[in-house]
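Okay, so here's the structure we're looking at.
Only the coordinates and a few stated rules stand behind these numbers; no lab work does. What you see is a predicted model; the values in this text were computed from it and never measured. Neighbour counts run over all protein chains shown; Cβ positions are idealised from the backbone, glycine included.
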């Protein structure tokens, strides 16, 4: 079954902790993306990667970090520097960009800071 | 900077009604516009993608139009069903090489 998986579905974090959200795809897509969704707002881009070992900051990268060591994996770390991390996080992937093809989204991870 | 606005923010209709969701965008320099569906607590599913050179796309009971000059797109849903209840997101992809999302329209179709 081809697709994007995210884990865990729900994640709870204490103040001051770093947590890592997993995103894996077996669609052989070159590009991968992380978005944050807050109630009443559109999705906002955190980081994206067009190719292995390369990634770019999106609009709200502060307090987040990523790595792209493998084509199929793009984990997101939410660091203690992120002031308001409670949100729904969505990972997506696409062919070389979204110019002619849609992005395919994972099911999301809901992060709650206690 | 591209801004995408969706109206209405929420809509409740009886089953069987035809309905229109509206999307406006401020920068017409886009490669494409997409409509996504999001079910509660889930990821997004692409419904229709309209390239900038196209005027509309159709899939089943869904029809999306694009008017770049006026910065508008509409999603038409015919004969709505309770299973259509979801949040519908309008998304542009522009020359800045990134997607810009609207906040969405929450649709509820009552049986």
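Could you list, in sequence order, the residues of the stretch B:22-37 that are in a loop (DSSP other than H, G, I, E, B) and under 19 Å from residue B:105 (Cα atoms)? Full working, then the answer.
Here is the first cut: in the stretch B:22-37, the ones in a loop (DSSP other than H, G, I, E, B) are B:26-29.
Passing the criteria: only B:26.
Of the set (1) closer than 19 Å to residue B:99 by Cβ; (2) touching a strand residue (DSSP E or B) at 6+ places or on another chain (Cβ under 7 Å), all apply to residue B:65 but (1). Checked against the criteria, residue B:12 does not count as under 16 Å from residue A:42 (Cβ atoms) and part of a strand (DSSP E or B).
So, residue A:106, is that one surrounded by 15 or more Cβ atoms within 10 Å (Cβ to Cβ), under 19 Å from residue B:103 (Cα atoms) and free of Cβ contacts under 8 Å to residues at least 40 places away in the same chain or not?
In short, no.
Just the residues that are in contact with a strand residue (DSSP E or B) (Cβ under 7 Å, 6 or more places away or on another chain), more than 14 Å from chain A (Cβ to nearest Cβ) and under 25 Å from residue B:2 (Cα atoms), please, taken from the stretch B:69-111. Reasoning before the result, please.
The initial filter retains those residues of the stretch B:69-111 that are in contact with a strand residue (DSSP E or B) (Cβ under 7 Å, 6 or more places away or on another chain), namely B:71-77, B:80-82, B:84-94, B:98-110.
If we keep only those that are more than 14 Å from chain A (Cβ to nearest Cβ) too, we end up with B:71-77, B:80-82, B:84-85, B:107-110.
Result: B:71, B:72, B:73, B:74, B:75, B:76, B:107.
Find the strands (runs of 3 or more DSSP E) located wholly in the stretch A:1-64 whose residues include 1 or more that are loosely packed, with under 15 Cβ neighbours inside 10 Å and without any contact (Cβ under 8 Å) to a residue 12 or more places away in the chain, and list them. Explain how you work it out, then say what you get.
Details: elements: A:4-7, A:10-13, A:19-25, A:31-37, A:44-51, A:54-57.
Once the strands (runs of 3 or more DSSP E) in the stretch A:1-64 are filtered for at least 1 residues that are loosely packed, with under 15 Cβ neighbours inside 10 Å and without any contact (Cβ under 8 Å) to a residue 12 or more places away in the chain, what remains is A:54-57.
Candidates in the stretch B:62-97 are the residues that are surrounded by fewer than 18 Cβ atoms within 10 Å (Cβ to Cβ) and closer than 27 Å to residue A:46 by Cα; of these, the one that is nearest to the chain's Cα centre (by Cα) is B:72.
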